[in-house]
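Just dropping this structure here.
The values are calculated or read from the model by the stated rules, or taken from the named source; none is laboratory data. Since this is a predicted model, take the numbers as computed values, not measurements. Please note: Cβ atoms are built from the backbone with ideal geometry, for glycine as well, and neighbour counts cover all protein chains shown.
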Amino acid sequence: MAVLIDLGDPRGLDEEPAAGPLVSRAARRGAALVAVVLAGLLGLGGSAAVPPPPLVLVAHFDPPVTGPVVLSGDLALALERQDGGRALLAIGGGAVRWRLPLEGLSTEVFSAVRAGPTLLVTLIDSAAPAEMWTTYAVEPDTGTPLWQARAMLLGVAPRAAEWTAVLGGGGEREWLGGRDVAGGRELWRRALSAAQGWTPYRVGPDLAGLVLFETAGAPRARLLTPDGVLGEPRPLPTGTEGMQVAADLVVAAYERDGARRIAALRLPALEPVWDVAHPVGGYPYYVEDCAPMVCVTDSDRVWVLDPADGAARWQGQVGGSYALAPGVLVSNVNERPRFGVLRDTVSGRVLLRLADWSVIEHDGRSVLLAYVGDDRTWFGAAEPAGSGRLRVLGVGGPTLDRCWADTRGTADAGLVVCQALLGGLDVYRYTR
C-alpha cells in the first residue's frame, strides 16, 4: 500500500519546520560568528594552538583557466583557453601539476575515471564536425599521454589483474567497444543498428555491462558484457516505449489494453520479476534510478517503487526531484531551487530543509552545501543519515554559484572548486 505524504509548502526562512531541521540564515550566521569569535579569543590568548579551519583556500587561478571542472582523487581537471589553443590542466596541491594540449574549439571536460594506475579523461567538443567525444588515457602524476580514442568512455571494468575501458563512438554508424586500459589495445568492437539503443549497468563504481534495447520486430533486451560477450535476447512487453536501468532492474514502460504499465527484469539474467500498473496518469513521465528504490516522476510529483515487487512505497508533490546519493533524494527544486529539501528515499521522511543553501554534491560521506551572499560564499556539510545538522566549513570569495566536488571521495580531506565571480577558479581543501 502506498503512503501519500502531504509535503505542503516550504516554511519561511526562520520558521521551525514540522519535520527535519531548518538551516536558516540566522543559524548560519550565528554558527559562523561563534566560530570566528572563539578562534580570535584562542589566538589572542596565546596559550593554545588554534586548530586549522575545516576549509581553506589553497589556490586561485585567473582566466583563461575556467570550468566546467571534474575532480578525481587529489586532481581537479579544468581547461585553459588561449588564442593559441586549449589545454587540459590537472590541478593538484594548489598548483598546476601538468598540461595536456587539446584540439577543438569548444572542448570541455566531461568525465574522469581512474582504472588502476591510469587516469581516463573524456572531453566533449560540441563544435566538432563529426565525433564530438575524445578519451585520453594519461599517467595521473605527470600527464604523460598513453593513448587516446575518438570515443566516449562509458565505464571501466576489472579484468583479471588488468582493466577494460568500454567506449562508445559515432560517425557514420554508432559502435561500442572495449580497450585494454594499460596499453590501449582494442579488445572488441560491435556496430549498432539504428534500431538499437543502450544504457549502462553498473555494480558499484564499475561497469557490469551495457543493456541493449532492440526495437526491430518484437522489443527485446540483452546484456553486453565488458568483455564484448552478447547475451541471449529477452522479450520485453509488446508496445514497450522505453527502457531504463534502475536498482539492478531493467524497467520497461508499455501500454496494454489501453492501460499503461511498468514491467521489470532482474539483472544480470534479465529474468521477469514484476509487472504493475503505471502510477502516473499523464505524460510526460520519467523512470529514474534512485537507489535503493525506483522513482517514477512527472514535472512535480514522484512515485517511489520498491524494486522487490514494484509497489509504490510513498508518493508526493515534491516540486521536482533528483537522486543525490544512495538513500538521499533532493526535492523542491523547481519553484525554489535554493530551498531544497533532502529526503530519505525509502520512506520520504524529511532529513534536512535548506534555507538559501544550494547543494554542491554528495562527496561519499556528506552533502556539501554553499550559500552565496554578502560578497562571499559560505560552505557547509551535512550528514543526512546522522544528526541532519549542518556543519559550517568556512567562508570563501564570491562565486558564480557553480562549484564542483569529488563524488567518490573516501579520504579525510576533499576538494571543492568554484567558478569565481570575477573569473577563474578558486580551489578549496576541506576536512571531512
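Within the bounds of the range 320-338, is there any residue that is hydroxyl-bearing (S, T, Y), within 24 Å of H278 (Cα to Cα) and out of contact with any strand residue (DSSP E or B) (no Cβ under 9 Å at 6 or more places or on another chain)?
No, there is no match, as no residue in the range 320-338 is hydroxyl-bearing (S, T, Y), within 24 Å of H278 (Cα to Cα) and out of contact with any strand residue (DSSP E or B) (no Cβ under 9 Å at 6 or more places or on another chain).
All but one of (1) touching a Leu at 6+ places or on another chain (Cβ under 8 Å); (2) modelled with pLDDT under 95; (3) under 23 Å from P117 (Cα atoms) hold for Y254; which doesn't?
Going through the list (1) touching a Leu at 6+ places or on another chain (Cβ under 8 Å); (2) modelled with pLDDT under 95; (3) under 23 Å from P117 (Cα atoms), Y254 breaks only (3).
A quick yes/no check of all residues on (1) buried (at least 17 other Cβ atoms within 10 Å of the Cβ); (2) in a loop (DSSP other than H, G, I, E, B):
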{"residue": "A216", "(1), (2)": "no, yes"}
{"residue": "E232", "(1), (2)": "no, yes"}
{"residue": "E255", "(1), (2)": "no, no"}
{"residue": "A264", "(1), (2)": "yes, no"}
{"residue": "A269", "(1), (2)": "no, yes"}
{"residue": "W274", "(1), (2)": "yes, no"}
{"residue": "V280", "(1), (2)": "yes, yes"}
{"residue": "D289", "(1), (2)": "yes, no"}
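Can you say whether V333 is farther than 15 Å from A246 by Cα, touching a Gly at 6+ places or on another chain (Cβ under 9 Å) and part of a loop (DSSP other than H, G, I, E, B), as far as the supplied structure shows?
yes
Right, something else. Considering only residues that are in a loop (DSSP other than H, G, I, E, B) and closer than 18 Å to G169 by Cβ, which ones fall in the range 97-126?
Result: E103, G104, S126.
Of the conditions (1) farther than 15 Å from T345 by Cβ; (2) at pLDDT below 95, L265 clears all except one; give me its number.
Just one mismatch for L265, condition (2).
Take A208 and tell me if it is under 26 Å from the mean Cα position of the chain (by Cα) and of a type in the set (G, A, S).
Judged against the criteria, A208 is a match.
In the range 326-371, which residues are small (G, A, S), at positive phi and within 20 Å of the chain's Cα centre (by Cα)?
Those that are small (G, A, S), at positive phi and within 20 Å of the chain's Cα centre (by Cα): G327, G364.
When you look at R97, is it charged (D, E, K, R), at pLDDT below 95 and farther than 13 Å from C418 by Cα, yes or no?
no
Quick check: is even one residue across the range 186-203 surrounded by fewer than 16 Cβ atoms within 10 Å (Cβ to Cβ) and at positive phi?
No, the range 186-203 has no match at all.
State yes or no: is L146 surrounded by 17 or more Cβ atoms within 10 Å (Cβ to Cβ) and of a type outside the set (V, I, T)?
no
Okay, next question. What number of residues within the range 351-407 are among the aromatic types (F, W, Y) and out of contact with any strand residue (DSSP E or B) (no Cβ under 7 Å at 6 or more places or on another chain)?
Number of matching residues: 0.
Could you identify the single residue in T215, T240 that is farther than 28 Å from P292 by Cβ and of a type in the set (V, I, T)?
T215
Need the failing condition index for A130 against (1) within 26 Å of A182 (Cα to Cα); (2) exposed (fewer than 14 other Cβ atoms within 10 Å of the Cβ); (3) aliphatic (A, V, I, L, M), just the number.
Just one mismatch for A130, condition (1).
Here's another thing I want to ask about it. If you go through the range 217-247, how many residues are within 28 Å of the chain's Cα centre (by Cα), among the charged types (D, E, K, R) and within 30 Å of P158 (Cα to Cα)?
The total comes to 2.
Restricting to the range 291-322, count the residues that are assigned to a loop (DSSP other than H, G, I, E, B), over 17 Å from N334 (Cα atoms) and among the aliphatic types (A, V, I, L, M).
Residues flagged as assigned to a loop (DSSP other than H, G, I, E, B), over 17 Å from N334 (Cα atoms) and among the aliphatic types (A, V, I, L, M) within the range 291-322 amount to 3.
Residues of the range 383-404 being modelled with pLDDT of 90 or more and either among the aliphatic types (A, V, I, L, M) or not in a strand (DSSP E or B) (or both), which ones?
Correct list: V392, L393, V395.
Quickly run through the range 164-181 and pick out the residues that are modelled with pLDDT under 95 and crowded, with 17+ Cβ neighbours inside 10 Å.
G169
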